[in-house]
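Heads up, the thing below is written out as structure tokens.
The values are calculated or read from the model by the stated rules, or taken from the named source; none is laboratory data. Since this is a predicted model, take the numbers as computed values, not measurements. With ideal geometry, Cβ positions are generated from the backbone for all residues, glycine too; neighbour counts draw on all protein chains shown. Areas reflect the complete protein model, heavy atoms only, side chains present, ligands, DNA and RNA absent. Shrake-Rupley method; radii C 1.70, N 1.55, O 1.52, S 1.80 Å.
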Amino acid sequence: QVQLVESGGGLVQPGGSLRLSCAASGFTFSNVGMSWHRQAPGKERELVARITSAGATNYADSVKGRFTISRDNAKNTVYLQMNSPKPEDTAIYYCATGFWSVGNWGQGTQVTVSS
């Protein structure tokens, strides 16, 4: 069955950096688009970034220029590099299968941006 396991979350200072990882299994990873989403307390879950199987990327305006999504098909892993995070980036971050629509979700990893 499809499994997505996020890691790398934690506490980061504003202006710092953090890299999230999502290890995938149970499907042919190289054939599938992937995405990162986040949900802050009291807010709806929102798309952060997504990447096609060929490596094309798309970002939410709020993170464009600061976050980078990438994938390593040899490791069945998708990454989210978070540079210059802001307090408003604090949320639970989820990876998911799919580019145009979500198929499966990971369990999420908490990211807290605070000094």
Can you give the extra length, in nm with one decimal, that the chain gains between K86 and W100 once fully stretched, where that is 0.36 nm per residue apart less the Cα-Cα distance?
2.3 nm
Probe 1.4 Å, all chains present, heavy atoms only: T109 accessible area in Å², nearest 10, is 20 Å²
One finds the C-alpha centres of the range 29-61 and the range 5-22 to be spaced, in Å, by 15 Å
For the range 52-114, just say rounded, prolate or oblate: build the C-alpha gyration tensor, square-root its eigenvalues into a ≥ b ≥ c, call rounded for a/c under 1.5, and beyond that prolate if a/b exceeds b/c, oblate if not.
prolate
Table column - 3J(HN,Hα) (Hz), the range 30-43, Karplus curve with 6.51, -1.76, 1.60, x for Gly and Pro:
5, 8, 10, x, 9, 8, 10, 10, 8, 9, 8, x, x, 10
Report the charge-dipole magnitude of the range 15-115 in Debye, nearest 20, computed about the Cα centre from +1 at each Lys and Arg Cβ and -1 at each Asp and Glu Cβ.
120 debye
Accessible-area order for D89, D61, largest to smallest, probe 1.4 angstrom, reads D61, D89
How large is the accessible surface of Y94 in square angstrom, using a 1.4 angstrom probe and rounding to the nearest 10?
30 Å²
Tell me the relative contact order for the range 39-115 as a rounded percent, counting alpha carbon contacts under 8 Å between residues six or more apart.
23 percent
Kirkwood Rh in Å, taken over the chain so that all alpha-carbon pairs contribute
13.9 Å
Taking only the alpha-carbon atoms of the range 1-42, what semi-axes of the equivalent ellipsoid follow from 5 times the gyration tensor eigenvalues under a square root, in whole Å, largest first?
25, 12, 10
Computed D for the range 21-69, Stokes-Einstein, Kirkwood radius over alpha-carbon pairs, 10 °C, 1.306 mPa s, to the nearest µm² per second, is 132 µm²/s
